[in-house]
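One structure is given here, and the rest of the page talks about it.
The values are calculated or read from the model by the stated rules, or taken from the named source; none is laboratory data. Model, not experiment: these values are computed from the prediction. Backbone-built Cβ (ideal geometry, glycine too); neighbour counts: all protein chains shown.
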Amino acid sequence: MLDRTIAPESKAIDHINLIKPGHKVLANGCQVFWFNSGDQELVRIEWIFGNLRFNPAKPLLNLAVNSLLTEGTSKLNAAQIADQIDYYGAFLQADYGYDQSQLTLYSLNRHLGNTLPVIKSILTDSQFPEKEVETFIRNQQQKLQVSLQKNDMLARRAFNKALYGNTIYGLTSELKDFEQLQRADLLQHFENMYQPSNCTLVIAGKVDEATLNQITSAFEADWDNAAQAADTAQPELQPAAERFYFTEKPQALQSAIRMGVQMVNRSHPDFPALQVLNTVLGGYFGSRLMANIREDKGYTYGIGSGITSLRDAGAFFIATEVGADVCRSAVNEIEKEINLLKTEQISEEELSLVRNYMLGSLLGSLENVFSHADKFKNVYFSGLDLDYYNRYTEIVKTVTAEQLQQLANQYLHFDDFYKVIVGKYE
């Protein structure tokens with residue numbers, strides 16, 4: 001009989017077992033990866049496209065084209081597209097990211113014969129109707145006007161602009177940028193970007209041979225490349241010389257703080273250990289920043305830090321909103337916590353807690369086949385392979401307090417941080 005007064009035995013995580021994908025390249029250049037779970041009759045299909053080179057004169061084309069993909073083809077309007085997808089119990093969404101944009105379909109296997117033709121028409125025949133473009137512009141301008149009233153949004157925009165400059169990573173859209181959108185530009189951008197040689201197709205779910213053939217056949221036949229190859233190279237980053245930005249809001253009750261610096265991305269060998277260091281500082285609820293600034297000082301409801309990994313860049317950042325009257329004190333406490341990482345080694349007890357948290361989170365994130373596909377995308381688009389997670393796990397388990405202290409001294413120089421404050425700074 002089970003004795004519920006005795007805690008179950010805990011075991012150290014030795015390694016992560018990840019599903020390895022199948023892979024092939026279609027005749028039109030489309031890269032296909034698939035993950036077969038072999039159980040429920042459901043598939044998730046992602047068509048992922050590299051964003052085209054950022055054009056400062058027309059900065060919103062990548063975002064706008066992706067957002068308007070499902071708004072109409074020559075044969076189906078937006079409502080008809082939505083109705084056909086809904087009728088078969090499927091789900092369709094378009095997502096924009098800094099490096100890639102994608103179209104994602106969730107569908108029952110037995111309905112792929114009806115849902116795939118809709119996707120094919122979107123990816124080959126999107127028309128960007130003038131009425132839908134006008135509606136998009138109007139809605140986005142309204143959302144932007146609302147966002148610009150929020151201190152945290154203003155801080156995020158200023159931070160990204162300072163860190164990355166006038167690039168796709170530093171884009172801070174203005175109302176006038178939406179007014180410049182023209183249907184002709186959208187159509188040309190669509191033709192150059194949404195072509196098979198610039199597409200990575202990731203399929204996860206019940207992907208037997210028949211399903212795989214059905215999907216790949218649909219997107220190999222009659223899907224041709226444009227005359228011009230997609231230019232996905234991005235301009236060099238343009239970090240600002242100025243390191244401190246303050247936007248005063250005299251009536252503000254809270255001040256938004258965002259600070260940080262350019263950092264290595266996932267492809268760098270220091271990245272896993274830096275993730276450990278970040279978790280200690282502000283990467284989980286028990287972090288030092290939370291213990292000090294929320295629990296001890298009561299300056300905020302929440303504060304955190306993170307490391308962003310992009311294709312051509314990385315960043316370390318700290319973000320919070322604090323009472324306007326304690327903003328300067330909060331900044332001083334953040335600096336104190338940064339300096340402690342550089343001058344005092346992390347205790348083995350704290351390091352063990354963080355290790356268990358990180359490894360448990362990684363293991364817990366692999367709940368289904370879709371999660372395995374997501375982990376693959378993280379490394380694939382970083383130019384890595386699935387062995388990365390074995391290296392990551394090993395480093396998390398073995399990195400020493402001395403090594404973390406060295407990394408803190410190498411990468412975390414508070415005086416070099418970009419610091420953005422919106423609100424009051426008494």
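Listing for the model above:
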read-out: Scan of region 62-78 for residues that are of a type outside the set (V, I, T), surrounded by 22 or more Cβ atoms within 10 Å (Cβ to Cβ) and within 19 Å of the chain's Cα centre (by Cα), ordered by number; value: N62, A64, N66
read-out: Output for region 141-154, where each listed residue is more than 21 Å from G97 (Cβ to Cβ) and either hydroxyl-bearing (S, T, Y) or surrounded by 15 or more Cβ atoms within 10 Å (Cβ to Cβ) (or both); value: Q141, N151, L154
read-out: From the options I85, I81, I119, residue that is without any contact (Cβ under 8 Å) to a residue 40 or more places away in the chain and either crowded, with 16+ Cβ neighbours inside 10 Å or touching a helix residue (DSSP H, G or I) at 6+ places or on another chain (Cβ under 6 Å) (or both); value: I85
read-out: Filter result (more than 22 Å from I293 (Cα to Cα) and either of a type in the set (A, V, I, L, M) or in contact with a Phe, Trp or Tyr (Cβ under 7 Å, 6 or more places away or on another chain) (or both)) within region 244-264; value: M263, V264
read-out: Breaking point among (1) surrounded by fewer than 17 Cβ atoms within 10 Å (Cβ to Cβ); (2) part of a loop (DSSP other than H, G, I, E, B); (3) touching a residue at least 24 places away in the same chain (Cβ under 8 Å), for A227; value: (3)
read-out: A94, sole failed condition from (1) in a strand (DSSP E or B); (2) in contact with a Lys or Arg (Cβ under 7 Å, 6 or more places away or on another chain); value: (2)
read-out: One residue from A184, A204, A162, A210 being assigned to a helix (DSSP H, G or I) and either assigned by TED's automatic domain parsing to the domain that holds N378 or in contact with a Phe, Trp or Tyr (Cβ under 7 Å, 6 or more places away or on another chain) (or both); value: A162
read-out: Of all residues making up region 110-127, the number that are over 11 Å from A90 (Cα atoms), among the hydroxyl-bearing types (S, T, Y) and assigned to a helix (DSSP H, G or I); value: 2
read-out: The listed residue being within 15 Å of P56 (Cα to Cα), modelled with pLDDT under 95 and either of a type in the set (D, E) or in contact with a helix residue (DSSP H, G or I) (Cβ under 8 Å, 6 or more places away or on another chain) (or both), out of L237, L181; value: L237
